[in-house]
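**Student:** Here you go, one structure.
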Amino acid sequence: GQFAGVIVMMIDPATFVEDYDRLNVDPGGSVMLISREHGTATARVDEQLIISDAIDFTAAQSGGRIGTLDELLLARPFDAVERIYGYAEMPRYLLLAVAGNPLKSEMAGFEQRRQRYLIAVGSASLIVLLFAGLLLQQARRLRRSALQVSEAQEMLHAAADASMDAVYLLRACRLRSADQAIADFTMVGLNQRGAALLGTTVAQARGKRLFELLPALHSRGFI
């Protein structure tokens, strides 16, 4: 009533790697099963089936010990396609399941984001350069304007000081009323001849009201 024999069942290794569409492997991607017992690997790349005992992996950045990280590095390439490999342990069956997508397709999203970042940074840099150029142009204009104002003031002072006429520059002082009527004037500039006629100096007269310098102008109706 007991079985005293051996049952041997042979299964085509391709059966284990035929149906992997649900893994969403990109064109050129690879799916393989590696025996933990004797190292034989059964792999499928698109429609190509590969059975070899020379396919070997090491763990990335883990001192070569598989099981510490999720990424594997192929020790010796078995074709010309560079891939990024991930894996899952199947300890019950002494198998290691490995899936790899081509590096180009895996990095496509990163490259697209990189291009967008480069375009954004380039556009921002161009805007900053244009803005800086406009600021430099405006600064040059301001320097030219300030230089022209300074030259005009120097020419005015030189002409006024060399003139035999009295030159006065006055600013109106307005009342804080609805019509803002002019109540007086402030001396903002004068030449030596004008100061002499007022009986004072240029420094003493500048900034004072006409009422302080010539009160008679108010009493006689000039203002």
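**Student:** Compute the helix-to-body angle for 108-162: its Cα long axis versus the longest principal axis of the chain, expressed 0 to 90° and rounded to tens.
**Tutor:** Once rounded, one gets 10 degrees.
**Student:** List every residue whose amide H lies under 5 Å from the amide H of Arg36, counting only residues 5 or more places away in sequence or on a different chain, with H placed 1.01 Å from N in the peptide plane.
**Tutor:** Leu95, Leu96
**Student:** Quick one: which residues, 5 or more positions from Leu170 or on another chain, have an amide H under 5 Å from its amide H? H modelled 1.01 Å from N in the peptide plane, none for Pro or chain starts.
**Tutor:** Val188
**Student:** Further, regarding this structure: For every other residue with a beta carbon closer than 15 angstrom to the beta carbon of Ala205, add +1 if it is Lys or Arg and -1 if Asp or Glu, then tell me the sum.
**Tutor:** Spelling it out: positives minus negatives among the neighbours equals +2.
**Student:** Can you list the residues, at least 5 places off or on another chain, whose amide H is less than 5 Å from the amide H of Glu71, using H built in the peptide plane?
**Tutor:** Ala60
**Student:** For Phe131, Phe3, write out the residues from largest to smallest accessible area, computed with a 1.4 angstrom probe and no ligands counted.
**Tutor:** Of Phe131, Phe3, the descending order of accessible area is Phe3, Phe131.
**Student:** Continuing with the same structure: Residue by residue through the stretch 53-59, which ³J(HN,Hα) values in whole Hz follow from phi under the Karplus form 6.51 cos²θ - 1.76 cosθ + 1.60 (θ = phi - 60°), with glycine and proline marked x?
**Tutor:** Result, rounded to whole Hz: 10, 9, 7, 9, 10, 10, 7.
**Student:** In whole percent, what relative contact order does the chain give with Cα contacts below 8 Å and a gap of six or more residues?
**Tutor:** 11
**Student:** Quick one: accessible surface of Phe110, probe radius 1.4 Å, all protein chains present, in square angstrom to the nearest 10.
**Tutor:** Approximately 90 Å² of Phe110 is accessible to the 1.4 Å probe.
**Student:** Between (1) 27.3; (2) 18.5; (3) 19.3, which entry matches Kirkwood radius over Cα pairs in Å as derived from the coordinates of this structure?
**Tutor:** Computed from the coordinates, Kirkwood radius over Cα pairs in Å corresponds to (1).
**Student:** Order the following by accessible area, largest value first: Val6, Val149, Val167. Probe radius 1.4 Å; ligands, DNA and RNA are ignored.
**Tutor:** Val6, Val149, Val167
**Student:** Let me ask you something else. Nearest 0.05, what FRET efficiency do Thr15 and Ala108 give at R0 = 45 Å with Cβ-Cβ as r?
**Tutor:** Calculated transfer efficiency: 0.90.
**Student:** With +1 on each Lys and Arg Cβ and -1 on each Asp and Glu Cβ, and nothing else charged, work out how big the dipole of the chain is about its Cα centre, in Debye to the nearest 20. All intermediate terms of the calculation are to be shown ahead of the outcome.
**Tutor:** Working: 23 positive and 24 negative charges, 500 e Å.
In total the dipole reaches around 2400 debye.
**Student:** Roughly how far apart, in whole Å, are the Cα centres of the stretch 119-196 and the stretch 208-223?
**Tutor:** Computed from Cα coordinates, the inter-centre distance equals 28 Å.
**Student:** Just the accessible area for Met155, please: 1.4 Å probe, Å², rounded to the nearest 10?
**Tutor:** 140
**Student:** Per residue, how large is the accessible surface of the chain? Use a 1.4 angstrom probe and give square angstrom.
**Tutor:** 74
The values are calculated or read from the model by the stated rules, or taken from the named source; none is laboratory data. No experiment lies behind these values; they were computed from the predicted model shown. Every residue, glycine among them, receives a Cβ derived from its backbone with ideal geometry; neighbour counts consider all protein chains shown. Heavy atoms of the whole protein, side chains included, go into the accessibility calculation; ligands, DNA and RNA do not. Shrake-Rupley method; radii C 1.70, N 1.55, O 1.52, S 1.80 Å.
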